[in-house]
Amino acid sequence: MDLIRERLIGESDPEQRVRAFIFAHLEYFLANSKSMKMLSHEDDVLKEELGTDIANLKRQYYRCCADLVDALKTVKGLQFNSRVAVLSLFGMMNWIYTWHNPHVDGDAKVLARENRRCVPAWDLRYLGSPASRCPAAEGASKFEALTTSLKAMS
């Protein structure tokens, strides 16, 4: 949480605050991948005070991200389920250890930029916007139309 807090100091733009959170998460995850893997997928074995502390920290971390996303929604006038958005984001980021190769995929800064390009849902220009304004959705509707046409022909 300290890295997140540090990155958010002095940043007032909600979109940049979400981006800063994503970048800090990726940067920390890549630098501490073994610990983060355990915290992401095996923390249920932690008992007593340590388990309670970790569970509280994870709730605090989730709440921080959800608050950032909610602030972005308010400023941009977007409507979507913040819980689903935040947990989807965490899901995407927390599996990086299974495939990340720094020689091929780059560092956290490169990953944050490429995720934004490759995953239109996290390109904040489209988050919560009508499907008609989202290039990925437009491509999907063209694909559905083509599929329907092909089925009609057969």
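The values are calculated or read from the model by the stated rules, or taken from the named source; none is laboratory data. Note that the structure is predicted; figures quoted are calculated from it, not measured. Here the Cβ is made from the backbone with ideal geometry for all residues, glycine too, and neighbour counts use every protein chain on show.
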Total residues in the stretch 65-81, condition surrounded by fewer than 17 Cβ atoms within 10 Å (Cβ to Cβ) and in a helix (DSSP H, G or I): 7
Complete set of residues in the stretch 1-19 that are among the aliphatic types (A, V, I, L, M) and out of contact with any Leu (no Cβ under 6 Å at 6 or more places or on another chain): 1, 3, 4, 8, 9
Flag if residue 30 is more than 30 Å from residue 74 (Cα to Cα) and either charged (D, E, K, R) or without any contact (Cβ under 8 Å) to a residue 24 or more places away in the chain (or both): no
Answer residue from the stretch 83-135, given it is assigned to a loop (DSSP other than H, G, I, E, B), at pLDDT 80 or above and not polar (S, T, N, Q) and is farthest from residue 20 (Cα to Cα) among those: 99
Some residue of the stretch 38-50 being within 23 Å of residue 111 (Cβ to Cβ), of a type in the set (A, V, I, L, M) and either modelled with pLDDT under 90 or touching a strand residue (DSSP E or B) at 6+ places or on another chain (Cβ under 6 Å) (or both): yes
Among residues of the stretch 19-61, those that are over 24 Å from residue 83 (Cβ atoms), among the acidic types (Asp, Glu) and in contact with a helix residue (DSSP H, G or I) (Cβ under 8 Å, 6 or more places away or on another chain), counted: 1
